[in-house]
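A short worksheet on the structure shown next.
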Amino acid sequence: STQVQPGYPYHVIIQNNDTLNLNNTQNTPNANRYLAGNLTISPGSSLILNNTGTYTPNILTVGGNFVLDGTITLPGTLPAFGEDLHIVGNWTRSATGVFNPNDRAVYFEGGINSAITANGGETFPYLRLTKSLSTNSLSLNSDINITKEISLTTGTFNLLNNNVNMKSDANYTASIT
């Protein structure tokens, strides 16, 4: 679960066609990153979680809602775990939003209900439901695709009237754990 600590940013907006390289050669990836409120990436702007080419098992935790109208890129070519995105609130992606997961996981955690809303649906390599209580839910307002694994540890997964498509190709068949 996310704990609000002094020094954490609250609501963060990346805008004006800016790119934020959260872990880079000047800002060495040596710690997990937290924000207590919402993360909004505006159209034309982007967030790159780690562009150093060096792996550290750091995560980005969004303590509120994640609004994707720009681009987010999670690290690629790294080991099979870590460098993931953790969200306590809702996931909302508009038609201009671009999600580049690079085989990283997205966790829905914390003690509130969450929803996924994505224009045209959303594709997650790994989706993890790790809410604080079994009564905390993750609801689908849009269809989602899983290319590697969906893990339902704690919480209620509510499809509403939407679908979870488990993808399969010559290299991998998605699974449920």
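Residue check: residue 112 meets all listed conditions (1) part of a loop (DSSP other than H, G, I, E, B); (2) hydrophobic (A, V, I, L, M, F, W, C); (3) open to solvent by less than 30 Å² (accessible area, probe 1.4 Å) but one, namely (3).
When you scan segment 125-155, how many residues do you find that are on the phi < 0 side of the Ramachandran plot and part of a loop (DSSP other than H, G, I, E, B)?
Final tally of qualifying residues: 8.
Within segment 132-144, not a single residue is among the hydroxyl-bearing types (Ser, Thr, Tyr) and closer than 26 Å to residue 50 by Cα. Taken as a whole, the structure leaves residue 99 outside the set of residues that are open to solvent by less than 50 Å² (accessible area, probe 1.4 Å), outside any loop (DSSP other than H, G, I, E, B) and within 16 Å of residue 157 (Cβ to Cβ).
To keep it simple, each residue is scored yes or no on (1) under 20 Å from residue 174 (Cβ atoms); (2) buried (at least 20 other Cβ atoms within 10 Å of the Cβ); (3) in contact (Cβ under 8 Å) with a residue 12 or more places away in the chain; (4) not hydrophobic (A, V, I, L, M, F, W, C).
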| position | (1), (2), (3), (4) |
| --- | --- |
| 63 | no, yes, yes, yes |
| 67 | no, yes, yes, no |
| 84 | yes, yes, yes, yes |
| 119 | no, no, yes, yes |
| 123 | yes, no, yes, yes |
| 139 | no, no, yes, yes |
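If you check 135, 173, 147 for being farther than 20 Å from residue 66 by Cβ, open to solvent by 40 Å² or more (accessible area, probe 1.4 Å), touching a strand residue (DSSP E or B) at 6+ places or on another chain (Cβ under 8 Å) and at pLDDT 95 or above, only one passes: 135.
The values are calculated or read from the model by the stated rules, or taken from the named source; none is laboratory data. The shown structure was predicted, so the numbers you read here are calculated from the model rather than taken from an experiment. No Cβ is skipped: glycine too gets one built from the backbone with ideal geometry, and neighbour counts run over all protein chains shown. Quick note on the areas: whole protein, heavy atoms, side chains included, nothing else; ligands and nucleic acids left out. Shrake-Rupley method; radii C 1.70, N 1.55, O 1.52, S 1.80 Å.
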